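The values are calculated or read from the model by the stated rules, or taken from the named source; none is laboratory data. Predicted, not measured: the structure shown is a model, and the values here were computed from it. For neighbour counting, all protein chains shown are included, and Cβ atoms are generated from backbone atoms with ideal geometry for every residue, glycine included.
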Ligand SMILES: *Cc1c(COP(=O)(O)O)cnc(C)c1O
């Protein structure tokens, strides 16, 4: 939805997160109301007609829009500083709709190789069935982008930091190259969150979120969102696509996500502080082969990460233990506080073995190109006391 920016646009981020988009009913409820309704009654048949003609503003049906969902969209939109935001049922609904709504047979889409598993699947296996020509490039290699974009393309899709290896892609440089080739730039900004990185300010055209991750942050609800300043894309392509295909966000989930946004900045700051502390701690451990964390000086794109992500290294630390799969499993099984779970951005610290779970379906060769080795562990750092987390890791690495 689009709203006129008034006084709220001058609020600082923490205020926007708590109060942005709040639209109280005549009861004056302090906390956002949950409107669990499918449809909306009109005063008259004439009003219904006018509403369908777009002459009066009135909710029609909750696949099209819902007041609780609108409050969530508005709060996230204010934080991102975009003109448009559409909430959807999940992060994958956001990624799929943002690509499928704008691409047609014969179009060219270029994506970076290191992507979230389901994003890779959509681009590698679904879109080509519809005649969309797809190409992958190593995202950190600007000359590879230059080469791929020397012929026209309709869109590019990138994720930074990438999952699970935390490579950092230069959004501004890649966007400049893409625009010269006539391509729209879509950025999956889940790992950075809008607290650390605002891709639209760096030249991207469309941003997608899985709100399931940091935006909820409490591990309860699925959700997603697409944000952009491109009115034509949002109104003429994305909106009719999601309204007719159906992946709308449930008002109940929007109500949960609204509360999640209230504490997003507090949680992400604490998670990043904890993550840096843990990454530094792991770098000094005998049982560790390698630590991948953009906040460490040893990270190959450390300086770019600091400049692009508000001086922070993100909330996820990936690391390789000495040995192989057996040693990685031993470490995971010995953890007492952290849960083995396939999620991230949660207040609880969660660990994942990417090679056998999120990236299991890839071939050994594909995993090797992506740098997903059998000894790699991904740790989504929570907001627990960091000393307890380091103690947990220390005892698990000794086991
Ligand atoms: C989780 C995730 C998604 C998918 O989000 P869902 O809400 O699970 O559909 C997409 N991209 C990235 C980077 C993710 O981490």
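A few remarks follow.
- Condition met for residue 103 (closer than 23 Å to residue 368 by Cβ and in a loop (DSSP other than H, G, I, E, B)): no
- Neighbours by Cβ (under 7 Å, 6+ apart or cross-chain): first from region 108-119, buried (at least 23 other Cβ atoms within 10 Å of the Cβ); second in a helix (DSSP H, G or I) and modelled with pLDDT under 95: 114/370
- Test: residue in region 66-74 that is part of a loop (DSSP other than H, G, I, E, B), in contact (Cβ under 8 Å) with a residue 12 or more places away in the chain, out of contact with any strand residue (DSSP E or B) (no Cβ under 7 Å at 6 or more places or on another chain) and more than 24 Å from residue 191 (Cβ to Cβ): yes
- Identity of the residue in region 146-167, part of a loop (DSSP other than H, G, I, E, B) and away from the ligand (no atom under 14 Å from the Cβ), that ends up surrounded by the most Cβ atoms within 10 Å (Cβ to Cβ): 149
Conditions tested, residue by residue: (1) more than 15 Å from the chain's Cα centre (by Cα); (2) modelled with pLDDT under 95; (3) under 22 Å from residue 79 (Cα atoms); (4) more than 12 Å from the ligand (Cβ to nearest atom).
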residue: 108; (1), (2), (3), (4): yes, no, no, yes
residue: 115; (1), (2), (3), (4): no, yes, no, no
residue: 120; (1), (2), (3), (4): no, yes, no, no
residue: 172; (1), (2), (3), (4): yes, no, yes, yes
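- Taking the criterion of being touching a strand residue (DSSP E or B) at 6+ places or on another chain (Cβ under 8 Å), surrounded by fewer than 19 Cβ atoms within 10 Å (Cβ to Cβ) and assigned to a helix (DSSP H, G or I), the only residue of region 258-310 that qualifies is 283.
- Look at (1) in contact with a strand residue (DSSP E or B) (Cβ under 9 Å, 6 or more places away or on another chain); (2) part of a helix (DSSP H, G or I); (3) away from the ligand (no atom under 16 Å from the Cβ); (4) under 18 Å from residue 208 (Cα atoms) and you find that residue 177 fails only one, number (4).
- Scanning region 376-399 for residues that are free of Cβ contacts under 8 Å to residues at least 60 places away in the same chain and farther than 15 Å from residue 283 by Cα yields a total of 4.
- Cβ pairs under 8 Å, 6+ apart, first in region 168-191 and at positive phi and without any contact (Cβ under 8 Å) to a residue 40 or more places away in the chain, second crowded, with 18+ Cβ neighbours inside 10 Å and part of a loop (DSSP other than H, G, I, E, B): 182/153; 182/154
- Here residue 346 meets each of (1) over 18 Å from residue 329 (Cα atoms); (2) away from the ligand (no atom under 15 Å from the Cβ); (3) in a loop (DSSP other than H, G, I, E, B) with one exception, condition (2).
- The residues on offer are 46, 57, and the sole one that is more than 30 Å from residue 150 (Cβ to Cβ), outside any loop (DSSP other than H, G, I, E, B) and away from the ligand (no atom under 16 Å from the Cβ) is 46.
- Qualifying residue in region 18-39 (condition: part of a helix (DSSP H, G or I) and either touching a residue at least 60 places away in the same chain (Cβ under 8 Å) or within 16 Å of the ligand (Cβ to nearest atom) (or both)): yes
- Any hit, region 75-85, residues being in a helix (DSSP H, G or I), away from the ligand (no atom under 16 Å from the Cβ) and out of contact with any helix residue (DSSP H, G or I) (no Cβ under 8 Å at 6 or more places or on another chain): yes
Rundown of residues vs (1) more than 30 Å from residue 262 (Cα to Cα); (2) exposed (fewer than 15 other Cβ atoms within 10 Å of the Cβ); (3) free of Cβ contacts under 8 Å to residues at least 40 places away in the same chain, yes/no style:
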{"site": "329", "(1), (2), (3)": "yes, no, yes"}
{"site": "337", "(1), (2), (3)": "no, no, no"}
{"site": "345", "(1), (2), (3)": "no, no, no"}
{"site": "364", "(1), (2), (3)": "yes, yes, yes"}
{"site": "371", "(1), (2), (3)": "yes, no, no"}
{"site": "374", "(1), (2), (3)": "yes, no, no"}
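- Reported count of residues in region 311-327, each being assigned to a loop (DSSP other than H, G, I, E, B) and buried (at least 20 other Cβ atoms within 10 Å of the Cβ), is 4.
- Residues of region 309-342 classified as modelled with pLDDT of 95 or more, within 16 Å of the ligand (Cβ to nearest atom) and within 17 Å of the chain's Cα centre (by Cα), total: 5
- Unmet criterion (only one of (1) within 15 Å of the ligand (Cβ to nearest atom); (2) within 22 Å of residue 176 (Cα to Cα)) for residue 97: (2)
- Members of region 196-224 found to be more than 10 Å from the ligand (Cβ to nearest atom), crowded, with 22+ Cβ neighbours inside 10 Å and more than 19 Å from residue 173 (Cα to Cα), listed by number: 217
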